[in-house]
1. Is it the case that residue 149 is of a type outside the set (D, E, K, R) and either buried (at least 22 other Cβ atoms within 10 Å of the Cβ) or in contact with a Cys (Cβ under 9 Å, 6 or more places away or on another chain) (or both)?
2. Take residue 138 and decide whether it is more than 16 Å from ligand 1 (Cβ to nearest atom) and either surrounded by 21 or more Cβ atoms within 10 Å (Cβ to Cβ) or in contact (Cβ under 8 Å) with a residue 24 or more places away in the chain (or both).
3. I'm checking my understanding of the structure. Among residues of the range 137-154 that are within 16 Å of ligand 2 (Cβ to nearest atom) and in contact with a helix residue (DSSP H, G or I) (Cβ under 6 Å, 6 or more places away or on another chain), which one is nearest to residue 4 (Cα to Cα)?
4. Output the helices (runs of 4 or more DSSP H) that fall wholly within the range 136-221 and possess 2 or more residues being under 15 Å from the mean Cα position of the chain (by Cα), or say none.
5. Looking only at the range 36-88, which residues are over 19 Å from residue 136 (Cα atoms) and of a type in the set (Asp, Glu)?
6. Test of understanding: among 196, 203, 169, 191, which residue is within 23 Å of residue 28 (Cβ to Cβ), surrounded by fewer than 16 Cβ atoms within 10 Å (Cβ to Cβ) and among the aliphatic types (A, V, I, L, M)?
7. Could you list, in sequence order, all residues of the range 183-211 that are more than 16 Å from ligand 2 (Cβ to nearest atom), without any contact (Cβ under 8 Å) to a residue 60 or more places away in the chain and within 24 Å of residue 154 (Cα to Cα)?
8. Across the range 125-135, what is the total count of residues that are in a helix (DSSP H, G or I) and either farther than 16 Å from residue 190 by Cα or in contact with an Asp or Glu (Cβ under 9 Å, 6 or more places away or on another chain) (or both)?
Amino acid sequence: MTPLIAPSVLAADFANLQRDIEMINRSQADWIHFDVMDGRFVPNISIGVPVCEAVNRHAQKPIDVHLMIVQPEHYLEAFQKAGAGIISVHYEACPHLHRVLDQIRKLGCRAGVAINPHTPVNNLEEIIAEADLVNVMSVNPGFGGQKFITATLDKVARLKELILRRRSAALIEIDGGVNQDNAAALLAAGADVLVAGNFVFSASQPEQVIAALKKTVVTREV
Ligand code: DX5
Ligand code: ZN
């Protein structure tokens, strides 16, 4: 199985955003991961709707918007209009998650649920059939460049079981600290989409790093 690769704009050079989006366009990347932080759900503030519009003016690949914000339902339409193809909201930020996923799909976007490292996979039991994507956070959300939490591997394997048991079509996306050392094990555990920020953008040849992630060979099926 070939993974989908989603470079995270959070690690791009914001003063050279067009250059970095064009690099993603030329590369073998599949999606453009776009991290939105509000200083409330997470202890950091990043980028929002106007920057998403700017990215969309140059992007030739779907924009995968990851909302690390409280009350994400207030911003879904704005991000859809700004070019989002996929919108993920946090399980921990949505008391009415079922409704929010419905709203995302009605806007014509794919609907994702993101879960923090401490949130059990079992909590998705009743919602997994409604999700197009589950973003499994493999770091505590809020910052790029953090160390991958190894326990994510086991979590991904259990999420894959849940998806199969519930006959869900949800893709599993891994977000945080992804690199060449953990990519193969993540795919073996059941991951479909690899987000990579610093690993891509800190490289001198980011297109080659993306190509290498895309070619990750799965050595073991779980
Ligand atoms: C973290 C963000 C991630 C981040 C990943 O809160 O959701 O998408 O950009 O960056 P790296 O790959 O550097 O951990
Ligand atoms: Zn993210």
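Derivation of every value follows stated rules applied to the coordinates shown; laboratory data play no part. Computed from a predicted structure; not experimentally measured. Methodologically, a virtual Cβ is constructed for each residue, glycine included, from the backbone with ideal geometry; neighbour enumeration extends over all protein chains shown.
1. Numbers: of a type outside the set (D, E, K, R): yes; either buried (at least 22 other Cβ atoms within 10 Å of the Cβ) or in contact with a Cys (Cβ under 9 Å, 6 or more places away or on another chain) (or both): no.
Answer is no for this residue.
2. On the way: more than 16 Å from ligand 1 (Cβ to nearest atom): no; either surrounded by 21 or more Cβ atoms within 10 Å (Cβ to Cβ) or in contact (Cβ under 8 Å) with a residue 24 or more places away in the chain (or both): yes.
In short, no.
3. Taking the range 137-154 first, the residues within 16 Å of ligand 2 (Cβ to nearest atom) are 137-149, 152.
Still in the running and in contact with a helix residue (DSSP H, G or I) (Cβ under 6 Å, 6 or more places away or on another chain): 138, 144-145.
Values: 138: 17, 144: 19, 145: 20 Å.
Among those residues, the one meeting the criterion is 138.
4. Working: elements: 152-165, 183-189, 198-201, 206-214.
Of the helices (runs of 4 or more DSSP H) lying wholly inside the range 136-221, those with at least 2 residues that are under 15 Å from the mean Cα position of the chain (by Cα) span 152-165, 183-189, 198-201.
5. 38, 53, 73, 77
6. Details: 196 fails: surrounded by fewer than 16 Cβ atoms within 10 Å (Cβ to Cβ); 169 fails: within 23 Å of residue 28 (Cβ to Cβ); 191 fails: surrounded by fewer than 16 Cβ atoms within 10 Å (Cβ to Cβ).
Of the residues listed, the single one that is within 23 Å of residue 28 (Cβ to Cβ), surrounded by fewer than 16 Cβ atoms within 10 Å (Cβ to Cβ) and among the aliphatic types (A, V, I, L, M) is 203.
7. Looking only at the range 183-211, we keep the residues that are more than 16 Å from ligand 2 (Cβ to nearest atom), and these are 183-185, 187-190, 202-211.
Filter again for without any contact (Cβ under 8 Å) to a residue 60 or more places away in the chain, leaving 184-185, 188-190, 203-205, 208-209.
184, 185, 188, 189, 190 - these are the residues of the range 183-211 that are more than 16 Å from ligand 2 (Cβ to nearest atom), without any contact (Cβ under 8 Å) to a residue 60 or more places away in the chain and within 24 Å of residue 154 (Cα to Cα).
8. So the first thing to find is which residues in the range 125-135 are in a helix (DSSP H, G or I), and the list is 128-130.
Now restrict to residues that are either farther than 16 Å from residue 190 by Cα or in contact with an Asp or Glu (Cβ under 9 Å, 6 or more places away or on another chain) (or both): 129-130.
Number of matching residues: 2.
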